[in-house]
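The values are calculated or read from the model by the stated rules, or taken from the named source; none is laboratory data. Everything quoted here is computed from the prediction, not taken from an experiment. Reconstructed Cβ throughout: ideal geometry from the backbone, glycine too, with neighbour counts over all protein chains shown.
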Amino acid sequence: MSTADDHRFMARALRLAARGLTTTTPNPRVGCVIVRDGERVGEGWHQRAGEPHAEVHALRAAGERARGATAYVTLEPCSHHGRTPPCADALVAAGVSRVVAAMQDPNPQVSGRGLQRLRAAGIDVECGVLEPEALALNAGFCLRMRAGRPLFRLKLAASLDARTALASGESQWITAAAAREDVQRLRARACAVLTGVGTVVADDPSLNVRLPAAERQPLRVVLDSTLRTPPDARLLGLPGGTLLLTALPPDDLRAQMLRAAGAELATLPAAAGGGLDLQAVAAELARRGCNEVHVECGARLAGSLLQAGLVDELVLYLAPLLLGDAARGLCRLPGLERMEQRIELEWRDVRRVGHDLRVTLVPRVR
Ligand code: AOF
Ligand code: ZN
């Protein structure tokens, strides 16, 4: 089989994997295509944790035609007994003769052992086809496995002069309907939607997914070191669950009231300058299986996350408006004394979304 065919079938497997974009958490999105004599005889993708992996769906579809076939998988087939038995064993049992994987599984329970097991069974194994695309699809999962923290995607919406609200706090509506719907899609793919208590108190946001096809609500997370969340806050009553991260002990009176109002609470260390230790927040969310955390917050938390190096992706919606100097800025950062203290980003993507622009940035690696 030629390299071009390998790329074509792996691209197809990646598209299948992306069908699990909003549903596989805490698992990665994985797709599989089984090809015999140049023809696709089975396809599958991982849909939900606890359900069969991509390979199992594809092998079931292929049946006997899997014998002697090539399996294209966007992630190394697993070798461990998790919620389901090892896919490497299933591929061996089905008699495939070649396996092409896009990338190794960063899960320490697998990390190369799946490929090893296939090779030991005499299967021709190749790894690394369309690897950058596969890594991008599961960037959060990879970060959680390798660094013990989720990927943080910070969403901001501002006027052309980078103002997010009037001095009065009034912020509806800066961006138009298409941009707000785009944000809904970003929320839907996230494992958790995070904000600060200031936003909860000021705006009483829902932070849920309101797309017709939504079958899962991300966990809502509020950074609330002193438990100022009102027990009647809108987000506490919605499906999907709300986690309040606080520095107060679990037996605090407010903690008890908020638990009674439906919140889950976890106590974390406070940061030296007030608020919570953001690295501890990241570690706690990873521990809970969060791969991607979508952040919608005020200028203070946005600034703190940027300073802590915890913004892996910044998605900024820019509306064609000017709000003037008295309006509120994008993110609060300490004044710089030297240019070398600046936070540098790189443009990743620019596109128009309805009336607004969406620019996506990532930290610049120096
Ligand atoms: C695969 N194919 O489609 C996926 C894989 O506990 P489990 O059974 O849900 O396994 C989850 C782990 O399996 C996950 O952390 C990752 O290492 C791997 N995911 N592997 O061969 C798949 N989703
Ligand atoms: Zn598997």
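Among R185, R180, which is under 22 Å from T360 (Cα atoms), buried (at least 17 other Cβ atoms within 10 Å of the Cβ) and at pLDDT 95 or above?
That would be R180, the only listed residue that is under 22 Å from T360 (Cα atoms), buried (at least 17 other Cβ atoms within 10 Å of the Cβ) and at pLDDT 95 or above.
Yes/no per residue for (1) out of contact with any helix residue (DSSP H, G or I) (no Cβ under 6 Å at 6 or more places or on another chain); (2) at pLDDT 95 or above:
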site	(1), (2)
A4	yes, no
R19	yes, yes
V33	no, yes
W45	no, yes
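Between L316, L310, L285, which is within 20 Å of the chain's Cα centre (by Cα), in a helix (DSSP H, G or I), within 30 Å of G20 (Cβ to Cβ) and touching a residue at least 12 places away in the same chain (Cβ under 8 Å)?
None of the other options fit; the residue is L285.
Within the stretch 171-210, can you find the residues that are farther than 28 Å from L258 by Cβ and of a type in the set (D, E)?
E181, D182
Residues are listed down the side, and each one gets a yes or a no for (1) within 10 Å of ligand 1 (Cβ to nearest atom); (2) in contact with an Asp or Glu (Cβ under 9 Å, 6 or more places away or on another chain); (3) of a type in the set (V, I, T); (4) part of a helix (DSSP H, G or I):
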residue	(1), (2), (3), (4)
P85	yes, no, no, no
V99	no, yes, yes, no
V110	yes, yes, yes, no
Q116	no, no, no, yes
G122	no, no, no, no
E126	no, yes, no, no
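Which one is nearest to the chain's Cα centre (by Cα), of the residues in the stretch 30-42 that are surrounded by fewer than 21 Cβ atoms within 10 Å (Cβ to Cβ) and not basic (K, R)?
Initially, the stretch 30-42 is screened for residues surrounded by fewer than 21 Cβ atoms within 10 Å (Cβ to Cβ), giving 36-41.
With the extra rule that they be not basic (K, R), the set shrinks to 37-39, 41.
On the way: D37: 37, G38: 34, E39: 33, V41: 31 Å.
Checking each candidate, the answer is V41.
Just the residues that are within 11 Å of ligand 1 (Cβ to nearest atom) and surrounded by fewer than 23 Cβ atoms within 10 Å (Cβ to Cβ), please, taken from the stretch 65-83.
The answer is S79, H80, H81, G82, R83.
Pairs under 6 Å by beta carbon, first residue in contact (Cβ under 8 Å) with a residue 12 or more places away in the chain in the stretch 109-125, partner part of a helix (DSSP H, G or I), six or more apart or different chains?
G114/A88; R117/A88; L118/A88; A121/V92; V125/L115; V125/L118; V125/R119
What pairs come out if I take residues in the stretch 92-108 that are surrounded by fewer than 22 Cβ atoms within 10 Å (Cβ to Cβ) and pair them with residues that are part of a strand (DSSP E or B) whose C-beta lies under 6 Å away, six or more apart or interchain?
What qualifies is R98/T70; R98/D124.
Can you tell me how many residues within the stretch 210-237 are assigned to a helix (DSSP H, G or I) and either modelled with pLDDT under 95 or within 13 Å of L265 (Cβ to Cβ) (or both)?
2
Between residues in the stretch 42-69 that are of a type in the set (G, A, S) and residues that are surrounded by fewer than 16 Cβ atoms within 10 Å (Cβ to Cβ) and not in a helix (DSSP H, G or I), which pairs lie under 8 Å by C-beta distance while being six or more apart or on different chains?
Sorted first by the residue in the stretch 42-69, then by its partner, the pairs are A49/P26; A49/R83; G50/R83; A66/G95; G68/G95; G68/S97; A69/S97.
Going by the conditions given, is E55 within 13 Å of ligand 2 (Cβ to nearest atom) and surrounded by 21 or more Cβ atoms within 10 Å (Cβ to Cβ)?
Considered against the rule, which asks whether it is within 13 Å of ligand 2 (Cβ to nearest atom) and surrounded by 21 or more Cβ atoms within 10 Å (Cβ to Cβ), E55 comes out as yes.
Based on this model, can you work out whether R29 counts as within 11 Å of ligand 2 (Cβ to nearest atom) and more than 19 Å from E126 (Cβ to Cβ)?
For R29, the condition - within 11 Å of ligand 2 (Cβ to nearest atom) and more than 19 Å from E126 (Cβ to Cβ) - is not met.
Determine which member of the set R185, R163 is more than 27 Å from Q109 (Cβ to Cβ) and touching a Ser or Thr at 6+ places or on another chain (Cβ under 9 Å). Spell out how you get there, then give the answer.
Values: R163 fails: touching a Ser or Thr at 6+ places or on another chain (Cβ under 9 Å).
That would be R185, the only listed residue that is more than 27 Å from Q109 (Cβ to Cβ) and touching a Ser or Thr at 6+ places or on another chain (Cβ under 9 Å).
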